[in-house]
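J.: Next up is a structure, given as C-alpha cells.
The values are calculated or read from the model by the stated rules, or taken from the named source; none is laboratory data. Not measured: the values here are computed from a predicted model. Ideal geometry is used to build each Cβ from the backbone, glycine not excepted, and the neighbour counts take in all protein chains shown. Protein only, heavy atoms only, side chains kept; ligands, DNA and RNA dropped before computing areas. Shrake-Rupley method; radii C 1.70, N 1.55, O 1.52, S 1.80 Å.
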Amino acid sequence: MSDTKKQEQASTHKIGIYLWIWGLLFVLSFFSYLVDWYQFQGLLRWSLILLFMFLKAGLIMAFFMHLFWERYALVNVLLWPMTAIGCFIFLMVAEFEYTVFTRLFYFVVGGQ
Amino acid sequence: MSDPKIEGYEFKPGFKGMAKDTGSDQTMFKGVHWGKAMMWIFLLSDTFIFSCFLISYMKGRGSTLIDWPNPSEVFALHVGGVDVPLLLIAIMTFVLITSSGTMALAVKYGYEKNRKMCGWLILATAIGGLTFVGMQAFEWSKLIEEGVRPWENPFGAKQFGSFFFMITGFHGTHVSIGVIFLFIYAYKTFKGHYDEEKRGWFTTIKGNYVEIEILGLYWHFVDLVWVFIFAFFYLW
Amino acid sequence: MSDEYENKKGYQAQSSETISSGSGGGGSGTVSDADYVRPSEVPEQDLYHGHSFITKWIFCQDAKVIGVQYFLLATFTGIIGLILSWLMRLQLGFPEAAGFMTAEHYYQFVTMHGMIMVVYFLTALFLGGFGNYLIPLMVGARDMVFPYLNMVSFWMFFIAVGVLLASFFVPGGPTGAGWTLYPPQTILEGTPGSGMGILLMCISLILFVAGFTMGGLNYLITVLQARTRGMTLMRMPLTVWGIFTATVLAMLAFPALLVGSLMMSLDKILGTSFFMPTILQAGEVLEYGGGSPILFQHLFWFFGHPEVYIVALPAFGIISDLISVHARKNIFGYRMMVWAIVVIGALSFFVWAHHMYVSGMNPWFGFFFATTTLIIAIPTAMKVYNWVLTLWRGNIRLNVVMLWCLGFIVTFVNGGITGIFLGNVTVDVPLSDTYFVIAHFHMVMGIAPLMVIMGAVYHWFPLVAGRFLDETLGKWHFWLTFLGAYSIYFPMHYLGFIGVPRRYFEMYDSPYVTSAVGMNEFISMAAFIVGAAQLILIYNIVRTLKIGKPAGHNPWQANSLEWLTPSVPPEHGNWGEKLPVVHRWPYDFSVPGAKEDFITQTTPPSEVAGTEVEKT
Ligand code: HEM
Ligand SMILES: [Cu+2]
C-alpha cells in the first residue's frame, strides 16, 4: 500500500477545518472546566460533563482522527464493538448499586 | 478526503458502499494502508483496556461506603493565596489539546510532502507531550507529599489513590511511549526517510508519510482517553 | 539494515496489462469475460529471507515456521497440563497411591492444569498454531502482513510460558486459587502460592496478552487487507472465518483479563484494595478495605466467556472444512455458517455472568444472562444441524480425519445440551461447582476442540510434512481417545447430580462417598489410558517423518488454496512467482457435470462451463 502515486492523488483538507476544531476543543474544555468552577451539582453537572465529554471525543475522532472522512466499512467496524462496553457499563451501574444496598443493609442497618 | 483511486473498482457512498467494500475481494478497508488498519484495530483493543479501567473505577467508587474525596479540592492548586480548583489539570488538558492540534497539522503537511513543516510540528507535539508528562510528575509528587498513596489517603476512601495512580499512570505510560515515538519520527522526517521511501526498522514496508498519520492516530487517541479521564476522574 | 531485505525480482507487482488479461491460465490474452478478475490493488510484499539456521528456524519471520513453533510449544505446555491431570486423577481415584500429594499440591495442580489448557494450550494452538500456518495460505497471501511483529509475538508467548512454568520453582509454588483466580482468597495466606505464585501467574498472563495482541493484529489485517485477487470474504474457507472471528474476540476480551491481572498484582504488591474488602486473615484484621471482589469476577468472565469461544470458533471452522472435504459435499448452508460464527462471537460478549449465578451479584442479572445465554444456543445448534446435513448423503470417506469429525459432533452436542441445563438459573444453582460443570465444559471445550485438533493434524500433516500419517495407528489413536474420553466425562455428569463438588482434594465422609469411590477409580483408569494413547500420535508422527507414504500435491483432492502451492510443503513466500487468482468458494465438491468431484478455487469459470457450480 506504500504507493506514492496514490498519495499524490489523496487531497488533504484545508487548514481552516483543523483550526476550527482546535478552537472548539479549547472552548469545550473551558466549558467543562466552568462546570467545576461554578460548582454545578446534581443532574445538571452530570449532563453537562457528559455532553462536553462526548462532544470533545466526537470532534477528535471525527476530524483529527479523520473518521468523518473514512469509509463506512472502517467506521462501523470501530464503533459497533462499543455496544459491548455500553452493556458492561450499564450492568456495572446496576451492580454497584446492589453492592451498596447489601453493604448498607448488612453493615449499617444490621440485616433486619 | 476523497476516496482513493483503485483500478477496476468503483466506489459507492454510505452503507451501500460499506456493503460493497465488505463484499469485495482483496481488501475490506479500501485504500487503507496496512499499518493504519493495524493501528486502528490496536486502538480499538486499547479502548477496551481503558474502558475496563474506567468501569472498574466506577464500580469501585460506587460501592464503597466511605466518602470519596472531592477531586475539586484535592486537585486544587494554591496560587497567590487562593485555592484554584483543578488549575493544573486544566493546564494539562490545554497542553494536550494543543499537542493534538499540532499533530493534526503535522499529518496534513506530511501528506502535502512539506517535510520541514511536518517535522517541526511533530517536534512541537513531542514537546507538548513532554510538558504533559512533566506536569503529571509534578501532580503525582504533590499528592504523594500530601500523603496520598495507592493504598491509603488522608481524604477518604482508599480506592481513590489506587485508581488515581493506576489510571493516570497507565495513561501517562501511553503518553511517554508516544513522546519517544514522536521524537523518532521527527528525526526520520527531517532526515527525509519518507520522501525517499526508506524502509523503517524491523519492516520491509517502504517509508511513507502515511506513517505520520498512523502516529497521529495514536497521539489523538491518547488525547481522547484524557478527555474521558478528565470528565470521570476530575469533574465527577 | 534495509539491504538485508532481498527484493526478489519475481515478486514485483505485475504490470496491469498481464493482470487485466485475466487469470493465470489464458496466456494468449484471449480469456473470456467470465474469467475476468479485478487487478491487484494490494502491492507485492517484500519478504525477509533468513540466511542462517537461526534466522531460518529460530528467529524466523515465516508465518508457517512460526505456526509450527507455536504448535510445538503449545503442545509441550499441554503435555504438562496432561501430566498434572494425571496426578489429580491419581489422588481422586487412588488416594493411597498418591501419598506424596498434599491438599495444597492438589489445588496448585488444578489451577495450573486449567489455566494451561485453556490459555496456553488451546488458545495458543488454534490461533497461534493453525492461524499462523493456515491464514496466509488460505487467503492467498505471501505471509502475514507484519512478519517481524509476528515473530516477536511467538517469543513473547515463549517468555510467558517460561514465567508460568517458573512459578513451579519459586518459594510457595504456583498459585492454587483455581484457574478463575478469584480474590480475595487468591492473595490471602493459606491459599497455596499466594506470594510469588500468583504474581508470576499475573505477569505471565499480561505477557501472553501483549504477545497475542501482536499476533492477533497480524491475523486480522492479513484477512481484511491482504487477500489475493478474487478472494472475497464470502469465499474464504470456514477455517479462516473461525480463526478470524476468534481473534476479534481475543482482541476485545483479553483487555479485561489484562486489567484484572494488573489490579490483582497491585493488590498483592502495593496493598491497594481494588478487589479486597475489609477482611480477617488468621484472626487478624488486614489493611485492606472497601474493595469489590465481585468486580474481579465480572472482569474475569468478561474475558472468560469470549475465551471459551476463542477456543470453540476455530474448532467450528476447521471441522466444517474437514467434514466438507471428507464427505465430498459442499458445506450445508455456508452463509448461515458464517453468520452463525459472527453472531455467536458477538453474543459472547453479553453472556458472561452466567458463570456467576451463585456469586451474590445483583439478582436481576440472572434473568438477563439466562436469556442471552439461551439465545446463543440457537446459532450453535444451527451449526450442528449443518454439519449433520453436510454428511447426509455425502460420499463419505471413513478415514481417520472423518472419525475425528464424527467424534467431535457427538461430543459437542453432548456438551452443548448440558450447557442449556446450566444456562438456566434455577437448574444451575444446585449444579454449580459440581462435577456436572466439569463434565459440561470438558465435553464442550476440552474434548470437542481436542478432537478437532487431532482431525486437523491428520488432515494437514501431509501438507506440512509431505507425508501421510499412518491410518491404522490413527484408528487406534482415535478409538482409544474417543471411548476413553467418554468414559472419563460421561460418568462425571452423574457425580455432579449426586452432588460431588469440584476442586475438592478428597471426599472425607460425605454421604455420596460410597457411590463415588468406584466411579472415581474407573474414571482415573480411563484418564491414564487416554493420556497414554496420545503417545501413539507422537510415535506415528516420528515414524511418518522417516518412512511415511509421500503425499504429493493435493492428496485429499481439496479445493482450498493451501493445497495448491507450487511446492509441497510450501516454501517461504508460498506461491512462487505468481499469486493465485480465486474464482469460487472452496466447497465445489461433487458438482454435477464436472469431470472430477472437486473444482479448486483457482479453476476459472470457462473451464467448468456447463457444470452446475454454485454461484459464489
Ligand atoms: C449451548 C451453549 C452453552 C451454554 C448454554 C453454556 C452454559 C454454561 C454455563 C451456564 C456455565 C456455568 C456453570 C457453572 O459454573 O455453574 C458454563 C460453564 C462453562 N462453559 Fe459453557 N455453555 C455453552 C457452551 C460452551 C462452549 C461452546 C464452551 C467452550 C468451548 C463452554 C465452556 C465452558 C467452560 C470452560 C465453563 C466452566 C468455567 C469454570 O467455571 O471454570 N461452554 N457454561
Ligand atoms: Cu460462559
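J.: Dipole size in debye (nearest 20) for region B:80-205 around its Cα centre, Lys and Arg Cβ +1, Asp and Glu Cβ -1?
T.: 540 debye
J.: Moving on. If you roll a 1.4 angstrom probe over the protein chains with everything in place, what fraction of the accessible area of chain C belongs to carbon and sulfur, to the nearest %?
T.: Details: 15170 of 22370 Å².
Roughly 68 percent, rounded to a whole number.
J.: Same structure again: Taking only protein heavy atoms into account and a 1.4 Å probe, give the accessible area per residue of chain C in Å².
T.: 36 Å²
J.: Can you tell me the dipole magnitude for chain C around its Cα centre, using point charges on the Cβ only (Lys, Arg +1; Asp, Glu -1), in Debye to the nearest 20?
T.: 1080 debye
J.: At 1.4 Å probe size, with no ligands or nucleic acids counted, give the accessible surface of A:F96 in Å², nearest ten.
T.: Result for A:F96: roughly 40 Å² accessible.
J.: Another question, then. Counting protein heavy atoms only and a 1.4 angstrom probe, how many square angstrom of accessible surface do chains B and A bury in total, to the nearest 100?
T.: Summing both sides, the interface buries roughly 6100 Å².
J.: Sticking with this one: Compute the accessible area of each residue in region B:102-146 twice, once for its chain alone and once with every protein chain present, using a 1.4 Å probe on heavy atoms, and list those whose area falls by at least 40 Å².
T.: B:A104, B:L105, B:K108, B:Y111, B:K113
J.: Also, quick follow-up: Treating the angle as unsigned and between 0 and 90°, give the value, to the nearest 10°, between the Cα long axis of helix B:115-145 and the longest Cα principal axis of chain B.
T.: In chain B, helix B:115-145 runs at an angle near 20 degrees to the longest axis.
J.: Shifting gears a bit: Top mean-square fluctuation among B:G101, B:G161, B:G23, Gaussian network model of chain B, C-alpha springs under 10 Å?
T.: Taking springs between Cα atoms under 10 Å, the residue moving most is B:G23.
J.: 5 Å is the cut-off here: which amide hydrogens, built 1.01 Å from N in the peptide plane, fall below it relative to C:I599, excluding neighbours closer than 5 in sequence?
T.: Here the answer is C:D588, since their amide H atoms fall under 5 Å of that of C:I599.
J.: From the phi angles alone, apply the Karplus equation (6.51, -1.76, 1.60; θ = phi - 60°) to region C:227-232 and give each ³J(HN,Hα) in whole Hz, x where the residue is Gly or Pro.
T.: Ordered by residue, 3J(HN,Hα) equals 6, 7, 4, x, 8, 8 Hz.
J.: To continue, here is another question. Tell me, what is the per residue accessible area of region B:96-236 in Å², probe radius 1.4 Å?
T.: Per-residue accessible area for region B:96-236 comes out at 34 Å².
J.: Taking amide H positions as placed in the peptide plane 1.01 Å from N, state which residues far from C:F468 in sequence (5 or more) or on other chains have amide H under 5 Å from it.
T.: C:K549, C:A551
J.: Could you tell me how far the Cα centroid of region B:162-198 sits from the Cα centroid of region C:185-221, in Å?
T.: 26 Å
J.: Could you go through region C:71-78 in sequence order and give the Karplus-derived ³J(HN,Hα) for each residue, using 6.51 cos²θ - 1.76 cosθ + 1.60 with θ = phi - 60°, rounded to whole Hz, and x for Gly and Pro?
T.: 4, 5, 5, 4, 5, 4, 4, x
J.: Would you work out what percent of the accessible area of region B:138-179, with all protein chains in place, is carbon or sulfur (probe 1.4 Å)?
T.: Roughly 64 percent, rounded to a whole number.
J.: If you take the beta carbon distance between B:I91 and C:T278 as r and set R0 to 45 Å, what does 1/(1 + (r/R0)^6) give as a FRET efficiency, to the nearest 0.05?
T.: Approximately 0.75, to the nearest 0.05.
J.: With axes computed from alpha carbons, what is the tilt in degrees of helix B:159-191 against the longest principal axis of chain B, rounded to the nearest 10 within 0 to 90?
T.: Around 30 degrees separate the two axes.
J.: What are the ³J(HN,Hα) values, in whole Hz, obtained from phi via the Karplus relation 6.51 cos²θ - 1.76 cosθ + 1.60 with θ = phi - 60°, for each residue of region C:594-603 in sequence order, with x given for Gly and Pro?
T.: Running phi through 6.51 cos²θ - 1.76 cosθ + 1.60 with θ = phi - 60° gives 7, 5, 10, 8, 8, 10, 5, 5, 8, 5 Hz.
J.: Nearest 10 degrees is fine. How inclined is helix A:15-37 to the longest principal axis of chain A, computing both from alpha carbons?
T.: Approximately 20 degrees, to the nearest ten.
J.: What distance in nm lies between label points placed 7 Å from Cα along the C-beta direction at A:A57 and B:A19?
T.: Reported label-point gap for A:A57 and B:A19 is 3.1 nm.
J.: Continuing with this model, one more query. List residues of region C:338-364, by number, whose backbone nitrogen lies under 13 Å from a label position 7 Å along Cα→C-beta of A:Y106.
T.: Under 13 Å, as judged by backbone N against the label point of A:Y106, lie C:359-362 of region C:338-364.
J.: Something else: Which value, in Å² and to the nearest 10, is the accessible area of B:Y109 when all protein chains are kept and the probe is 1.4 Å?
T.: Solvent-accessible area, nearest 10 Å²: 40 Å².
J.: A follow-up question, please. Buried accessible area between C and B (1.4 Å probe, both chains summed, ligands and nucleic acids excluded), in Å² to the nearest 100?
T.: Answer for the C-B pair: about 4500 Å² buried.
J.: Computed FRET efficiency, Cβ-Cβ of A:E97 and C:R335, R0 35 Å: what is it to the nearest 0.05?
T.: Once rounded, the FRET efficiency stands at 0.25.
J.: Tell me, what % of the accessible area of chain A is carbon and sulfur with a 1.4 angstrom probe?
T.: 74 percent
J.: Taking H as built 1.01 Å from N, whose amide H comes closer than 5 Å to the amide H of B:L77, not counting residues under 5 places away?
T.: When sequence neighbours closer than 5 places are left aside, the close amide H contacts are B:V84, B:L86, B:L87, B:L88.
J.: Sort the protein assembly as shown into rounded, prolate or oblate with this rule: let a ≥ b ≥ c be the square roots of the eigenvalues of the Cα gyration tensor; rounded if a/c is under 1.5, and if a/c is not under 1.5, prolate when a/b is larger than b/c, oblate otherwise. Show your work: numbers first, answer last.
T.: Values: a/c = 1.88, a/b = 1.07, b/c = 1.75.
Note, shape of the protein assembly as shown comes out oblate.
J.: Under a point-charge model restricted to the Cβ atoms of Lys and Arg (+1) and Asp and Glu (-1), what is the dipole moment magnitude of chain B relative to its Cα centre, in debye to the nearest 20?
T.: 600 debye
J.: Given axes a ≥ b ≥ c from the Cα gyration tensor, I'd like to know whether region C:530-616 is rounded (a/c under 1.5), prolate (a/b larger than b/c) or oblate.
T.: prolate
J.: Between C:E521 and B:F138, what is the spin-label point distance in nm, taking each point 7 Å from the Cα along the Cα→C-beta axis?
T.: The two pseudo-label positions are separated by 7.7 nm.
J.: Could you list, in their original order, any pairs among B:K12/B:K191; B:K5/C:K383; A:K56/B:K59; B:K20/C:K56; B:K191/C:K56 whose Cα atoms are separated by more than 30 Å?
T.: Details: B:K12/B:K191 39 Å; B:K5/C:K383 40 Å; A:K56/B:K59 24 Å; B:K20/C:K56 40 Å; B:K191/C:K56 33 Å.
Violating the 30 Å Cα-Cα cut-off are B:K12/B:K191; B:K5/C:K383; B:K20/C:K56; B:K191/C:K56.
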